[in-house]
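Here the structure comes first, spelled out in structure tokens, and everything after it is commentary.
The values are calculated or read from the model by the stated rules, or taken from the named source; none is laboratory data. Since the structure is predicted, the reported quantities are computational estimates derived from the model, not experimental observations. Note that each Cβ is placed from the backbone with ideal geometry, even for glycine, and that neighbours are counted across all protein chains shown. Surface accessibility is based on the protein's heavy atoms, side chains included, excluding ligands, DNA and RNA. Shrake-Rupley method; radii C 1.70, N 1.55, O 1.52, S 1.80 Å.
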Amino acid sequence: MSPFEDKVMSGMRPTGRLHIGHYYGTLVNWLEFQKHYDCFFSIVDWHALTTKYNESAQIKQNVFEVLLDWLSVGINPEQATVYLQSAIPEIAILHLLLSMITPQNWVEREPTLKDMIKMLAGDESEASSKATYGLIGYPVLMTADILIFKGNLIPVGKDQESHLEFARDIARRFNNLYKVNYFPEPKPKFTLTPLIKGIDGQKMGKSAENDIKIADTNELTKAKITKAITDRSRISLSDPGHTDLCEVPYPLYTIITDKAIQNQVKNECESALIGCLECKKQLANHINDFFGPIREKRAMLAKNPDEVFKILAYGNQQARKIAIQTLKEVEEIMGFSVLDQCELF
Ligand code: TRP
């Protein structure tokens, strides 16, 4: 038996290599959670398919990339259950069962889903710009992800708030309909997530091409940081800079470096001792120093895909044991059993 009571469940869609925004915004929190809670971290490839169904051939590589990122930053498969959503067919069955009790208007009014559908429709450059039946089920699938492990603490960003409210409503509806107190109501675990800006000053994002990947080389990191927007009011090197007007480098310093370094760079900037270029060079060095060992570990792991997938297979197996048990109980509660019927054949 696990020594923990609370269950943390979260997932990421495999859409490519992760960036340092994912690290400082999400993964640092997961690293803490895995020490204190029973954690389930899922690479949710079915969710990727809800919008990227025309890019399904890339999903396997993307799963590998996300797994490399997770393992290299220190997500520990001995502490947390790390698994692939599509390796757990019970999640799909639970999704189906939950879809039966989900009122249509609950999905239709879901704001985050509405935004996703709008974004897809507006993206005419993509071959797949149509919202599908599968996409409409996005929040139901996410609910199945969580409930199959009876997750009750769900670390997500604010953008996922409505999905979690939806998951809570479904858990409650299931319990009410079948007069049980079976599913815990999953609560969001919002963490202090700093806004991590990309080099253009906008929120760092995979598709925005403004990001610094965990896996980027030192040279690439330096080249990207060099382009970052700084203090637009500072014209020449002899002008004192303003850290409060600095768009990218100083805000990044406040997230990536410790107070002493922050104070030093603030001082040097505001007394015109260093220019923006020098400041950015030092920032790139700090990023490279921190991510250096992580990148080394990542490169080592990347050489052994079989070993890496074996780690995932181990997590899949652990996750599946629990998923099978939950599904069995759910079917009993609902009064029928697909699994039992399968055993007839
Ligand atoms: N929808 C989440 C996102 O886009 C990913 C996700 C899928 C998830 N299933 C989940 C997050 C279950 C938390 C719990 O970020």
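A few notes on this one:
- Contact map, the stretch 247-274: first residue of a type in the set (F, W, Y), second residue surrounded by 18 or more Cβ atoms within 10 Å (Cβ to Cβ), Cβ cut-off under 7 Å, separation 6 or more or different chains; pairs are Y250/T243; Y253/V265; Y253/L283.
- The one condition from (1) more than 16 Å from the ligand (Cβ to nearest atom); (2) of a type outside the set (A, V, I, L, M, F, W, C); (3) surrounded by 15 or more Cβ atoms within 10 Å (Cβ to Cβ) that Q104 does not meet is (3).
- Subset of the stretch 6-45 (residues that are within 9 Å of the ligand (Cβ to nearest atom) and open to solvent by 50 Å² or more (accessible area, probe 1.4 Å)): R13
- Output for the stretch 29-49, where each listed residue is polar (S, T, N, Q) and closer than 14 Å to M12 by Cβ: N29, S42
- Counted residues, the stretch 207-238 - those being among the small types (G, A, S) and either under 30 Å from K7 (Cα atoms) or crowded, with 17+ Cβ neighbours inside 10 Å (or both): 2
- Criterion violated by F174 - all others in (1) open to solvent by less than 10 Å² (accessible area, probe 1.4 Å); (2) part of a helix (DSSP H, G or I); (3) within 11 Å of the ligand (Cβ to nearest atom) satisfied: (3)
- Take the conditions (1) within 11 Å of the ligand (Cβ to nearest atom); (2) not in a helix (DSSP H, G or I); T143 misses just one of them, which is (2).
- Number of positions in the stretch 154-168 that are within 10 Å of the ligand (Cβ to nearest atom) and more than 15 Å from the chain's Cα centre (by Cα): 1
- Hey, E110 of a type in the set (D, E, K, R) and within 12 Å of the ligand (Cβ to nearest atom) or not: yes
- Qualifying residue in the stretch 245-259 (condition: basic (K, R), within 19 Å of G21 (Cβ to Cβ) and open to solvent by 50 Å² or more (accessible area, probe 1.4 Å)): no
- Of the residues in the stretch 74-82, at least one is surrounded by 17 or more Cβ atoms within 10 Å (Cβ to Cβ) and under 14 Å from the mean Cα position of the chain (by Cα).
- Taking the listed residues K130, K114, the one that is open to solvent by 70 Å² or more (accessible area, probe 1.4 Å) and part of a loop (DSSP other than H, G, I, E, B) is K130, with no other qualifying.
- Residue match in the stretch 193-206 (condition: open to solvent by 30 Å² or more (accessible area, probe 1.4 Å), acidic (D, E) and over 30 Å from W106 (Cα atoms)): yes
Matching residues to (1) over 24 Å from D216 (Cβ atoms); (2) part of a helix (DSSP H, G or I):
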site	(1), (2)
Q264	yes, yes
L273	yes, no
C279	no, yes
L283	no, yes
H286	no, yes
Q318	yes, yes
K321	yes, yes
K328	yes, yes
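- Residue under evaluation V180, criteria (1) within 13 Å of the ligand (Cβ to nearest atom); (2) open to solvent by less than 50 Å² (accessible area, probe 1.4 Å); (3) more than 20 Å from V66 (Cβ to Cβ), criterion not met: (1)
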